[in-house]
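Below is one structure, written out as structure tokens; the observations come after it.
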Amino acid sequence: MNNEKINKQSPSIDEWLKEAKADPAALQEGMFLVHNGVVRQTPKAKVRQGIDDGSMVKGMEFSYDAAKVDAAIAETYKMEGIFHVRVWLNEGQLELGDDIMYVLIGGDIRPHVIDALQFLVEKIKSECVTEIEQK
């Protein structure tokens, strides 16, 4: 990583929803869910495993493998009742409060959409990205 501040423009969720609802598949969709991950001050180890070393996050280096993200999106489309998937990922040097990612899922019923959002965000976080917290 080169510590470069990329400053990618976060997407407009209003625009994403407008585009999704204009698609003919939208007639089958009864729900959209949006995930917006942001850089937080509390370290992942403290939040996820309860490990508190007294440190605080000051920023993050973030990158992703586009081919793996595309494969995860394709896999999500195969899930029952899912008709719309859109992902935006930031990159480079991120500061506290910066957007890390946006994910939009559209599908037929709530359980299918919730499952797909959970599946895709977990897949992206565990297999497609590199997050290096800076303390």
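See the values below:
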| read-out | value |
| --- | --- |
| Which numbered condition A72 fails, given (1) in contact with a helix residue (DSSP H, G or I) (Cβ under 6 Å, 6 or more places away or on another chain); (2) on the phi > 0 side of the Ramachandran plot; (3) among the small types (G, A, S) | (2) |
| Residue list for segment 66-100, filter: of a type in the set (F, W, Y) and surrounded by 16 or more Cβ atoms within 10 Å (Cβ to Cβ) | F83, W88 |
| Hits in segment 37-75 (condition: under 20 Å from D99 (Cβ atoms) and of a type in the set (V, I, T)) | V38, V39, T42, V47, V57, V69, I73 |
| Residue match in segment 24-31 (condition: surrounded by fewer than 10 Cβ atoms within 10 Å (Cβ to Cβ) and more than 19 Å from I124 (Cα to Cα)) | yes |
| Any hit, segment 8-20, residues being surrounded by fewer than 15 Cβ atoms within 10 Å (Cβ to Cβ) and under 15 Å from I132 (Cβ atoms) | no |
| Subset tally (residues that are in contact (Cβ under 8 Å) with a residue 40 or more places away in the chain and outside any helix (DSSP H, G or I)) for segment 66-80 | 1 |
| Hits in segment 41-65 - residues which are surrounded by fewer than 12 Cβ atoms within 10 Å (Cβ to Cβ) and in a helix (DSSP H, G or I) | V47, R48, Q49 |
| Every residue from segment 88-135 that is among the charged types (D, E, K, R), outside any strand (DSSP E or B) and either more than 15 Å from V34 (Cα to Cα) or in contact (Cβ under 8 Å) with a residue 40 or more places away in the chain (or both) | E91, D98, D108, R110, K123, K125, E127, K135 |
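Every read-out reported here was derived from the displayed coordinates using simple, explicitly stated rules and does not represent laboratory data. Everything numeric in this text was worked out from a predicted model, so none of it was measured. Neighbour counts are summed over all protein chains in view; Cβ atoms, including those assigned to glycine, are modelled from backbone coordinates with ideal geometry.
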